[in-house]
C-alpha cells in the first residue's frame with residue numbers, strides 16, 4: 001500500500017468532512033470544509049471528503065474542490081511573492097538611506113526567499129498532477145506513526161534543560177562552553193566534546209530553530225527509511241563536519257561550535273539523494289524541492305547570522321546526499337502503523 005492509492009488513506013463516511021492528522025478532530029459540514037481549506041497549501045496535512053468520496057484525501061484531490069483549491073492557492077502564493085518583493089524593495093530603500101551591511105544581508109535574504117517561493121510555484125504548484133501527487137505524499141507522511149519525532153523532542157528538551165542547568169552551575173554561558181562545549185583546542189585532548197558539544201546552542205532562538213528543523217527532517221526521513229537510519233545519518237552529519245572544521249587552521253574557523261544543524265542538513269541531504277535515486281517512487285520533482293529547501297536554509301542562515309559555520313552545513317548536507325544517493329537506508333513497508341480518525345475505520349493493513 002503506497003501513498004499513490006486511495007486505500008492508503010482513511011475511509012470516508014459519505015458526507016462533507018475534514019480531518020487534520022495526526023491528532024485533529026473530525027469536523028463535518030460543507031461550509032466547515034470550505035472554511036478549513038481556504039488557506040490550503042500542499043504542505044498542509046488536512047484531509048477532506050465529499051458525499052461522493054470513498055476516502056479522506058487532500059482537498060486538491062477531491063473533484064468537487066480541485067479547481068477552486070488550486071486557483072485559491074496560486075493566488076495566495078502570488079500575493080506572497082508580491083509581499084516578499086515589497087519587503088525587498090523596502091530593504092533596498094533603507095540601505096540607500098543608511099548604507100550598512102545589515103541591509104545588504106537582509107536584501108539578499110529577501111532575494112533568496114523570493115527565488116525559493118517562485119521555484120515552488122513553477123515546479124510544483126502550477127501543474128495540477130504534480131500538485132496533487134505532492135499533496136498526497138505529504139498527507140500520507142503525516143499519517144505514519146513513528147517513534148522518532150517524540151524521541152527527537154525529548155532529546156532536544158533534555159539537552160536544552162541540561163544547558164540551562166550547566167550555565168547556572170558554571171556561572172555564565174562562556175564558562176559553560178569552556179567547561180563542556182565543543183571548544184576545538186580542548187577537543188583535541190578531550191574528544192568527548194565532539195559528541196556532546198553540538199547539542200548546546202547559543203541561545204533560545206538557536207535551540208528552538210534547530211528543534212523545529214530537526215523535527216521536520218526526522219519526521220520525513222523516519223517514514224521512508226530503515227530502522228535507525230535517521231539516527232546514524234544524523235550522527236555522521238553532526239560529528240564528521242565539526243571534526244573536519246577542527247582540522248582547519250585557527251585563523252580559518254571560530255574557537256568553538258554549537259548546534260545540531262550539521263546533522264539536520266545531513267538528514268535533508270539524505271532525503272534529496274534518496275528522492276533522486278528513487279525518483280519514480282516519489283512525487284515528480286520532489287528531489288528538486290528537497291535540494292532547494294536545504295540550500296535555502298543554508299544560504300539564509302549564512303546571510304542572517306554571520307557567525308554561522310557554513311562549512312559544517314555544506315559538509316553535512318553532502319554527506320547525507322551521498323548516502324541517500326547510494327540507495328542506503330531507504331525502505332517503505334506496509335507494516336508501518338498509520339493514524340486514523342477516532343472511531344473511523346483505518347486503511348486495511350494487508351494490501352500491498
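Any read-out appearing in this document is the output of simple, stated calculations on the displayed coordinates, not a laboratory observation. In this text, all values refer to a predicted model and were calculated from it rather than measured experimentally. Please note: Cβ atoms are built from the backbone with ideal geometry, for glycine as well, and neighbour counts cover all protein chains shown.
Key figures
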{"read-out": "Column: log10 I(q)/I(0), Debye, Cα scatterers of segment 192-272, q = 0.13, 0.14, 0.25, 0.26 Å⁻¹", "value": "-0.42, -0.48, -1.20, -1.24"}
{"read-out": "Stretch gain in nm, segment residue 190-residue 212, where the contour uses 0.36 nm per residue and the Cα spacing is subtracted", "value": "4.9 nm"}
{"read-out": "When segment 6-61 is reduced to its Cα atoms, the Kirkwood hydrodynamic radius in Å", "value": "11.0 Å"}
{"read-out": "Helix 128-143 vs. the chain, principal-axis angle (Cα, 0 to 90°, nearest 10)", "value": "70 degrees"}
{"read-out": "Global size of the chain as Cα Rg and Dmax, reported in angstrom", "value": "22.3, 68"}
{"read-out": "Segment 177-336, Cα convex hull volume normalised per residue, Å³", "value": "111 Å³"}
{"read-out": "Pair residue 5, residue 168: separation of 7 Å Cα→Cβ label points (nm)", "value": "5.4 nm"}
{"read-out": "Residues listed by number, segment 107-134, amide nitrogen under 20 Å from residue 92 label point at 7 Å toward C-beta", "value": "107-119"}
{"read-out": "Residue 279 versus residue 23: modelled label distance in nm, points set 7 Å from Cα along the beta carbon direction", "value": "3.9 nm"}
{"read-out": "CD proxy at 222 nm, helix term only [per DSSP H run n ≥ 4: -39500 (n - 2.57); per residue of the chain; nearest 500]", "value": "-19000 deg cm²/dmol"}
{"read-out": "All-pairs alpha carbon distance profile, segment 2-118, 10 Å steps from 0, percent", "value": "13, 33, 20, 17, 12, 4, 0"}
{"read-out": "Label-point separation, residue 175 to residue 54 (7 Å along Cα→Cβ), nm", "value": "6.8 nm"}
{"read-out": "Computed lengthening from residue 64 to residue 15, 0.36 nm per intervening residue step minus Cα-Cα distance", "value": "16.4 nm"}
{"read-out": "Ranked 227, 72, criterion: other C-beta atoms within 10 Å, fewest first", "value": "227, 72"}
{"read-out": "Fewest-first ranking of 297, 254, using other Cβ atoms within 10 Å as the exposure measure", "value": "254, 297"}
{"read-out": "Pairwise FRET efficiency - residue 115 versus residue 34, Cβ, R0 = 41 Å, nearest 0.05", "value": "0.80"}
